[in-house]
Each structure stands twice: as C-alpha cells, then as structure tokens.
Amino acid sequence: MSDTRNADLTFGAVDFIAYVAPRDTAAPVGFADPAGAWKCAGWVTTAGGTFAIADEKKDVQAAGSLEPIRTLMTRSTKTMKAVYQEALNPVVRSLYDNVPLSALNPTSGIVSYNLPDKPADLHYAFVFDTMDGLKRNRFYMPNGMVTERGDEQAQTDDVWPVEMTFTFYKGAALTPAVHRTIDYGGVDVSGFFA
C-alpha cells in the first residue's frame, strides 16, 4: 500500500453556517446557497458546530460463555450542537423559545409572545455548511428539533450566547436522518481507491 497522506485533506473550518426550513424541505442541490424556505441562523462562535453520533448497544449473554455471544445495535442518535451569537435573530429565538417563526414577525418593530408552558413538538429541516478554502462539507437533516438548550446569559463582557443542541430523525418516506456531502476542493484522492 502506498503512502496516501496528504496535508491538503486536513480541514480547518473557516466558516460554519446553519440554515433552517420547514420539516422535510428538500436539500439544496450540491453546494448551492440554500434559498426559498431556508433561513440563516446567523453567526456562531469560533468553536463552530459539534456533530456527534451516540451509538447504544446491548450485549447478549448466554450460558457457557463469559463473553457476550452477540452485540445488538439498539440506537444511533445524531446531534449537532452550536452556540449562536445573534441572540435576537428571529430564527434563533424561534428555535430556542420553541415557538413558530411567525410569532416573531414584528408589527411595529416590537414583538411580544408567550413561551409555551408545555414544549411544542416543532420539527424542522437543517443544513449545516462548513468551508475551508475550496473544500466544503455539508450536512442535510430533513427532520430535527432542539432537544437541549443552554442557559441564556445577557452580559456586558461578551455577546449574549444562545446554545442549542439539535437531534435528528428520519424524514418523510424514511429518508435517512443525516446526509453528508463533501467537496474535496480539487484535492486528488484517487490513491485511496486504487
């Protein structure tokens, strides 16, 4: 096997952008900027987004063996966590406060709404884009929702951060919960497939 190491395949995301649309909105084609129903959630901290996969397993034990005879995969939960810096961005407020985006449409520059006493089951489609020069990475999730919210802290020494974690589920017609698209940006990866 030949040495296929290539420093150009490292990825230092210089930007991270999150987009939100109604549940099961079709993914943008290729790496086109999301348009139409897609809304941008604004700036995030320099930490970007943290994508995580948590797999749960169950070992099957049997008499006569000190080790499991089989392992069952029972769940694979996929999440994305980020800290949003635009605390007053209507998309961010809608997601964090768990209210429809339409509730934040001001009539005179001011908006007022109630936070739900019982959490609403609001699901959306998501696109998360990261870029490094010509290289691109895109996650498309047709069905997700906010499942964890960080504490809000209005402060004088920094912007008001809004931390959210999204969990993703299968979409309409059981489309996968997460679809990844990578643009290698012209880096030759043919040696990996020879």
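Coordinate-derived values only; no laboratory data. Note that this is a predicted model, so its numbers are computed, not measured. Cβ atoms come from the backbone with ideal geometry, glycine included; neighbour counts cover every protein chain shown.
Details
- Pairing each residue of region 168-193 that is within 26 Å of residue 6 (Cβ to Cβ) and in contact (Cβ under 8 Å) with a residue 12 or more places away in the chain with any residue that is among the β-branched types (Val, Ile, Thr) and surrounded by fewer than 14 Cβ atoms within 10 Å (Cβ to Cβ), provided the two are 6+ apart or on different chains, yields C-beta distances under 7 Å for 191/4; 192/4.
- Test: residue in region 47-60 that is among the polar types (S, T, N, Q) and out of contact with any Lys or Arg (no Cβ under 9 Å at 6 or more places or on another chain): no
- All positions within region 72-89 that are within 23 Å of residue 153 (Cα to Cα) and either over 16 Å from the mean Cα position of the chain (by Cα) or in a loop (DSSP other than H, G, I, E, B) (or both): 85, 86, 87, 88, 89
- Residues considered: 27, 35, 18. Of these, the only one that is within 19 Å of residue 136 (Cβ to Cβ), of a type in the set (Gly, Ala, Ser) and in contact with a Cys (Cβ under 9 Å, 6 or more places away or on another chain) is 18.
- Options 18, 41, 54; residue that is surrounded by 17 or more Cβ atoms within 10 Å (Cβ to Cβ), in contact with a strand residue (DSSP E or B) (Cβ under 6 Å, 6 or more places away or on another chain), free of Cβ contacts under 8 Å to residues at least 60 places away in the same chain and of a type in the set (Gly, Ala, Ser): 41
- Condition met for residue 33 (in contact (Cβ under 8 Å) with a residue 12 or more places away in the chain and either in contact with a strand residue (DSSP E or B) (Cβ under 7 Å, 6 or more places away or on another chain) or closer than 26 Å to residue 127 by Cα (or both)): no
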